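One structure is given here, and the rest of the page talks about it.
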Amino acid sequence: MLNAWAADLHTPMAVLLRASMTREDAAEVLREHVTAESVGPIAAAVTADDARLRAALCSAMLMGIASQRHLLRMPDLAAADVEEILRLVVPVFRGLIAPEQAYGSAPDRSASAGH
């Protein structure tokens, strides 16, 4: 996804993402696609009670990285090697997808209760 998803500004996903910012029909198509192709499969791999939220956060981060890297061409992301990006974000994804492995047990939710 980080290499190809929006690397060509004319791919259907790149066009759909741009259109979804101003057209509700395009936004609905993108929501359905992301939910079916990203959130659903990721959630199936998560054992935490809030699996769908965790999957949605992973999907949002991937879309944000890809969008800023390829569509907006943010200098730091556009210049970075995919391996370098993955080195930094994989631990975050592990914390979301497999919190018991990343933290030794599920993270304590009481610490974030005031947020």
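Any idea which of Ile42, Ile97, Leu17 is furthest toward the positive side of the dipole for segment 1-99, if Lys and Arg beta-carbons carry +1 and Asp and Glu beta-carbons -1?
Ile97
Among 87-98, 45-56, how do they line up from the highest to the lowest mean number of other beta-carbon atoms within 10 Å?
Descending mean neighbour count gives 45-56, 87-98.
Residue by residue through segment 62-68, which ³J(HN,Hα) values in whole Hz follow from phi under the Karplus form 6.51 cos²θ - 1.76 cosθ + 1.60 (θ = phi - 60°), with glycine and proline marked x?
Running phi through 6.51 cos²θ - 1.76 cosθ + 1.60 with θ = phi - 60° gives 4, 5, x, 5, 5, 5, 5 Hz.
Coordinate-derived values only; no laboratory data. Keep in mind it's a predicted model, so treat the numbers as computed, not measured. Backbone-built Cβ (ideal geometry, glycine too); neighbour counts: all protein chains shown.
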